[in-house]
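Undergrad: The structure's right below; bear with me while I get my questions together.
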Amino acid sequence: VFFIVPLSALLLVERAQAVRLMLGIGAATRFPFADTKIVAESLGLFCISLFAQALVPLFTRVFYARHNTMVPFVIGFATIAFNILLTFLLTRQFGIPGMALSYSITNILNLIILIFAVHHHIGGFHDEYLIVNSLKIVIASLLAAAAAFLGLYALVHAVNITTYVGVLIQGVAAGAAGIIVYLGASWILGISEAHHFIRVLKLATQKLGRPINMIWNWKL
């Protein structure tokens with residue numbers, strides 16, 4: 001959750017840049033604007049359920065660890081059937097993005113049912129801690145998304161966004177701003193994963209800096 005929620009938020013904000021970078025290479029630069037818009041909309045709708053897509057396998061394995069494969073099978077089968085029906089309805093109204101919306105709704109529903117099923121079989125599992133931490137992560141992710149959004153518009157006139165390099169610079173800079181804000185907000189909110197992650201980064205930087213300093217001193 002600590003990684004996937006902010007990633008979803010940043011990808012949602014930068015969905016147009018992501019599509020242009022992925023489909024703007026070589027001959028694919030002829031990709032029409034209308035198609036780019038459809039893909040970006042679909043990506044945005046897909047992003048809102050990334051957390052569910054990441055957590056569904058985790059909660060499914062809870063049942064596997066208890067030698068119970070029937071419960072996740074029934075839930076999965078039911079949600080797939082619901083997805084087929086919902087896709088049929090939403091694509092008629094929204095077109096291709098309706099498929100992504102249906103997929104996201106189905107995955108979130110699948111996760112919710114799995115959570116209730118786990119609670120029914122094994123009871124609670126530090127619910128208060130998980131809920132509070134998840135809310136903190138959501139708040140930090142929203143701040144990160146806002147920072148990335150402001151970064152995108154701040155660079156509109158600073159770089160040539162009609163070129164691949166310009167879009168790349170805009171996307172990377174805005175994403176970096178969002179990541180920095182997310183880590184800072186997570187640190188201030190007291191999210192333990194943020195403190196641990198920053199300590200790991202410091203340790204990795206120190207280890208990486210040692211051989212660089214050795215090479216630098218040897219050259220001198």
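The values are calculated or read from the model by the stated rules, or taken from the named source; none is laboratory data. What you see is a predicted model, and the numbers here were worked out from it, not measured in a lab. Neighbour counts run over all protein chains shown; Cβ positions are idealised from the backbone, glycine included. Just so you know, the surface numbers come from the protein's heavy atoms only, side chains and all, with ligands and any DNA or RNA stripped out. Shrake-Rupley method; radii C 1.70, N 1.55, O 1.52, S 1.80 Å.
Undergrad: Could you tell me the convex hull volume per residue, in Å³, taken over the Cα atoms of the chain?
TA: Spelled out: Cα convex hull of the chain, divided by residues, is 192 Å³.
Undergrad: What 222 nm value per residue comes from the helices of the chain, counting each DSSP H run with n ≥ 4 as -39,500 (n - 2.57) and dividing by all residues, nearest 500 deg cm²/dmol? Each step should come with its number before you reach the end.
TA: Details: 9 runs with 183 residues, N = 220.
Helix contribution divided over all residues of the chain: -28500 deg cm²/dmol.
Undergrad: What FRET efficiency, computed as 1/(1 + (r/R0)^6) with R0 = 35 Å and r the Cβ-Cβ distance, is obtained for LEU85 and LYS37, rounded to the nearest 0.05? Display every interim value, and only then the final one.
TA: Details: r = 27 Å, r/R0 = 0.77.
Using R0 = 35 Å, I get an efficiency of 0.85.
Undergrad: In debye, nearest 20, what is the charge dipole magnitude of the chain about its Cα centre with +1 on Lys and Arg Cβ and -1 on Asp and Glu Cβ, if you could check?
TA: Values: 13 positive and 6 negative charges, 124 e Å.
About 600 debye.
Undergrad: What is the distance, in nm, between label points placed 7 Å from the Cα along the Cα-to-Cβ direction at TRP187 and at ILE139?
TA: In this crude spin-label approximation the distance works out to 1.8 nm.
Undergrad: A further question follows. Comparing ALA194, ALA174, ALA154, which has the greatest mean-square fluctuation in the GNM of the chain with Cα pairs linked when under 10 Å apart?
TA: Its mean-square fluctuation being the largest, the pick is ALA154.
Undergrad: Moving to a separate point now. Mind running the shape call on region 41-82? Use the C-alpha gyration tensor, a ≥ b ≥ c as the square roots of the eigenvalues: rounded below 1.5 for a/c, prolate if a/b tops b/c, oblate otherwise. Display every interim value, and only then the final one.
TA: Details: a/c = 6.03, a/b = 1.85, b/c = 3.26.
Oblate, since a/c reaches 1.5 and b/c is not below a/b.
Undergrad: Whole number in Å², please: accessible area per residue of the chain, 1.4 Å probe, ligands, DNA and RNA not counted. Display every interim value, and only then the final one.
TA: Working: 13950 Å² over 220 residues.
About 63 Å² of surface per residue is accessible.
Undergrad: While we're here: At 1.4 Å probe size, with the rest of the protein present, what percent of the exposed accessible area of the chain is carbon and sulfur atoms? Please list the in-between numbers first.
TA: Values: 10370 of 13950 Å².
It is 74 percent, rounded to a whole number.
Undergrad: Between VAL200 and ASN160, what is 0.36 nm times their sequence separation minus the Cα-Cα distance? Round to one decimal in nm. Write down the numbers at each step before the final one.
TA: Values: separation 40, 0.36 × 40 = 14.40 nm, distance 3.62 nm.
Taking 0.36 nm per residue and subtracting the Cα distance, the gain is 10.8 nm.
Undergrad: Cα gyration tensor of region 157-199, axes a ≥ b ≥ c as square roots of the eigenvalues: rounded (a/c below 1.5), prolate (a/b > b/c) or oblate?
TA: On the way: a/c = 5.98, a/b = 3.49, b/c = 1.71.
Note, shape of region 157-199 comes out prolate.
Undergrad: Please compute the contact order of the chain in relative form: average sequence separation of alpha-carbon pairs under 8 Å and at least six residues apart, divided by the residue count, as a percent.
TA: Values: 208 pairs, mean separation 55.9, N = 220.
Value for the chain: 25 percent.
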